[in-house]
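Novice: Take a look at this one; I'll ask things after.
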Amino acid sequence: MVKKIKKLNTILLFLLLACIIIFSAWISSGCAKSNSDAKNADNTENTTTANSGETNIDSTVSDQTTTVARIDPGLPQEDYNGYEFRILSRGPSYNVHWYAKDIYAEQENGDPINDAVYLRNKTIEDKYNIKIVNLPENGDLTPRASKSIKAGDDAFDLMCHGLSQITTLMTGGYLYDLKTFPYLDLTKPWWDQKAAEQLTMDGRLFATVSNYLITDKDATWILMFNKQVQKDYNLDDPYQLVKDGTWTMGKMLDMIKAVAKDLNGDGVMDQTDQWGLVSQYRNAMAFYNGAGEYIAKVNQSTGEPELTMFSQRAVDICDKILQLQSDKQITINADDYASKYPNDTVWDGMQLVVFNTNRAMFYYAGMNRVTLLRDMATDFGIIPPPKYDEQQDGYYPSVEVGCTSSVAIPVTVTDKDRTGIILEALTAESQYTLLPAYYDISLKTKFARDNESQEMLDLIFASRLYDIAQVYNWGNVTDFFNSLNKGTNTMASYWDKNEAKITTAMEKTIAQFDQIQQ
């Protein structure tokens with residue numbers, strides 16, 4: 001009887017996913033206006049019409065989940081005789097929000113994400129006669145992986161860890177280049193094309209992001225706004241501002257100033273009062289990327305990273321960030337209250353509480369926070385971070401590279417063909433099971449509060465960026481953005497003092513890449 005119920009649950013999940021995909025495709029083809037003329041080669045372009053200021057929204061994620069016909073990954077059929085495919089991952093004790101809930105599920109339990117992971121794994125296990133084994137690590141995975149690889153121990157087939165936390169493995173020759181790995185086709189839609197482009201250095205890519213995992217989606221930084229506060233203060237509709245291309249830092253500053261209020265009249269603004277923005281120090285860097293600026297970008301002609309941090313526009317942007325982030329009369333930062341909340345509970349005990357009790361207009365955080373607001377009585381909306389000005393060509397939500405899990409293959413893998421086939425198969429299958437469960441069922445249907453949020457999600461996922469300097473943090477350059485919260489824009493003097501240090505660190509990484517022989 002139990003087996004019959006499990007089988008029935010699997011069938012029902014298949015039918016549910018199929019119905020959603022077919023219905024979405026019908027909406028896309030019959031009711032939605034095509035944006036095909038606005039797309040670039042990889043279907044991820046988000047452009048702004050110069051004359052009208054209207055944003056043409058195209059979405060890689062949306063296109064992927066609404067495609068009825070599957071794309072055949074073109075992999076050979078193999079029988080691996082019960083081989084255990086071992087995955088080193090973040091365990092539940094690593095972090096309550098960022099552990100690997102997308103790698104393994106013991107059984108179905110009715111949760112869309114859990115059941116999609118179970119179904120995906122079961123499908124690939126049956127197809128290739130393998131057993132997927134999760135090896136969770138409750139701390140930093142890097143020491144365990146480094147020790148194993150140095151010893152030449154074939155202890156795991158795949159590693160899933162934060163992009164910024166495995167840089168020593170990438171530069172030390174511990175990982176295979178995914179661009180030349182057999183059977184991996186990084187041009188396929190189940191691989192993140194932006195990550196492949198923006199994180200490839202010297203033509204090599206030792207770790208990347210794909211639809212095999214969902215933590216990169218959760219680690220996409222967004223703004224949430226409280227609809228009740230917006231209504232109470234008769235503020236402009238943020239959705240319309242985004243659509244009109246007029247959602248800027250200046251407009252956001254005006255709105256948060258209008259809302260902040262000392263509720264108890266004691267002359268002290270604290271967690272009991274009303275705020276324009278709930279944030280954290282690190283969001284200064286997210287604002288910077290949202291303005292279309294990078295600390296460094298890879299030159300697609302030379303394949304090498306180039307520092308792009310310092311310019312007059314960048315200095316001006318930092319001035320705006322200061323006004324948004326460091327004014328303690330309008331913005332409350334979690335970092336300033338961490339000591340008042342035990343065991344790192346400031347994120348849930350202060351940030352969420354202030355926002356979901358209608359005492360803040362905006363909340364700047366990762367996409368994962370949307371799921372944590374499911375019990376919020378007041379409706380809220382989801383929008384991208386603001387532009388610097390209306391002339392900016394689009395919106396650019398950034399991916400927090402420390403939170404997101406990437407995929408990487410250790411050089412100790414003995415059967416490259418087998419690993420390539422299984423990883424590609426798992427990633428392709430995720431396109432049609434895990435991604436719809438996350439995007440269409442959970443995020444768009446279960447947690448988003450309105451149709452406008454769903455449209456914004458399409459825009460957000462289509463225009464994400466990765467800043468390679470955040471991955472390697474050359475010369476501790478990211479510390480500068482944390483310092484912006486102190487109330488002084490020192491970019492010019494910082495650059496004068498630190499350019500050589502940052503450049504030297506970057507050149508060292510380039511040299512390390514050059515020395516890797518595979």
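The values are calculated or read from the model by the stated rules, or taken from the named source; none is laboratory data. Everything numeric here is computed off the predicted structure, so don't read it as measured data. With ideal geometry, Cβ positions are generated from the backbone for all residues, glycine too; neighbour counts draw on all protein chains shown. The protein model used for the area step is the full one, side chains on, heavy atoms only, and it has no ligands, DNA or RNA in it. Shrake-Rupley method; radii C 1.70, N 1.55, O 1.52, S 1.80 Å.
Novice: Within the range 79-95, take every residue that is over 19 Å from residue 412 (Cα atoms) and among the charged types (D, E, K, R) and give me the one that is nearest to the chain's Cα centre (by Cα).
Specialist: Looking at residues that are over 19 Å from residue 412 (Cα atoms) and among the charged types (D, E, K, R), I get 90.
Novice: Taking the condition in contact with a Leu (Cβ under 9 Å, 6 or more places away or on another chain), among the polar types (S, T, N, Q) and open to solvent by 50 Å² or more (accessible area, probe 1.4 Å), does residue 302 pass?
Specialist: No, not satisfied.
Novice: Out of all the residues in the range 331-354, which are under 19 Å from residue 230 (Cα atoms) and either in contact with a Pro (Cβ under 9 Å, 6 or more places away or on another chain) or open to solvent by 10 Å² or more (accessible area, probe 1.4 Å) (or both)?
Specialist: Of everything in the range 331-354, those that are under 19 Å from residue 230 (Cα atoms) and either in contact with a Pro (Cβ under 9 Å, 6 or more places away or on another chain) or open to solvent by 10 Å² or more (accessible area, probe 1.4 Å) (or both) turn out to be 352, 353.
Novice: Return the pair list, or none, for Cβ contacts closer than 7 Å from residues in the range 111-135 that are modelled with pLDDT under 95 to residues that are part of a helix (DSSP H, G or I) and polar (S, T, N, Q), at least 6 apart or on different chains.
Specialist: 112/442; 113/442
Novice: Just for helices (runs of 4 or more DSSP H) wholly inside the range 174-279: which have at least 3 residues that are farther than 29 Å from residue 414 by Cβ and touching an Asp or Glu at 6+ places or on another chain (Cβ under 7 Å)?
Specialist: 238-244
Novice: For the range 476-518, name all the residues that are of a type in the set (Val, Ile, Thr) and on the phi > 0 side of the Ramachandran plot.
Specialist: Correct list: empty.
Novice: Right, another one. Which of (1) in contact with a Cys (Cβ under 7 Å, 6 or more places away or on another chain); (2) modelled with pLDDT of 95 or more does residue 502 not meet, given it meets every other one?
Specialist: Exception for residue 502: condition (1).
Novice: Is it true that some residue in the range 295-307 is under 24 Å from residue 217 (Cα atoms), of a type outside the set (Ser, Thr, Tyr) and assigned to a loop (DSSP other than H, G, I, E, B)?
Specialist: yes
Novice: Right, something else. Which one of the conditions (1) under 21 Å from the mean Cα position of the chain (by Cα); (2) open to solvent by 10 Å² or more (accessible area, probe 1.4 Å) does residue 434 fail to meet, given that it meets all the rest?
Specialist: (2)
Novice: Please specify each residue of the range 355-378 satisfying the condition of being in contact with a Leu (Cβ under 8 Å, 6 or more places away or on another chain) and open to solvent by less than 10 Å² (accessible area, probe 1.4 Å).
Specialist: If the condition is that a residue be in contact with a Leu (Cβ under 8 Å, 6 or more places away or on another chain) and open to solvent by less than 10 Å² (accessible area, probe 1.4 Å), then 355, 360, 361, 362, 363, 364, 367, 370, 373 are the ones that fit.
Novice: Here's a follow-up. Output the number of the condition that residue 124 fails; it satisfies all remaining conditions of (1) part of a helix (DSSP H, G or I); (2) among the β-branched types (Val, Ile, Thr); (3) surrounded by fewer than 19 Cβ atoms within 10 Å (Cβ to Cβ).
Specialist: (3)
Novice: Can you tell me which residue is surrounded by the fewest Cβ atoms within 10 Å (Cβ to Cβ) among those in the range 146-169 that are more than 19 Å from residue 418 (Cβ to Cβ) and within 20 Å of the chain's Cα centre (by Cα)?
Specialist: Looking at residues that are more than 19 Å from residue 418 (Cβ to Cβ) and within 20 Å of the chain's Cα centre (by Cα), I get 164.
Novice: Let me ask something else. Pairs needed: first member in the range 466-489, open to solvent by 40 Å² or more (accessible area, probe 1.4 Å); second member anywhere, of a type in the set (S, T, N, Q); C-beta distance under 7 Å; at least 6 residues apart or different chains.
Specialist: Taking only residues 6 or more apart or on different chains, the pairs are 473/164; 486/326; 487/326.
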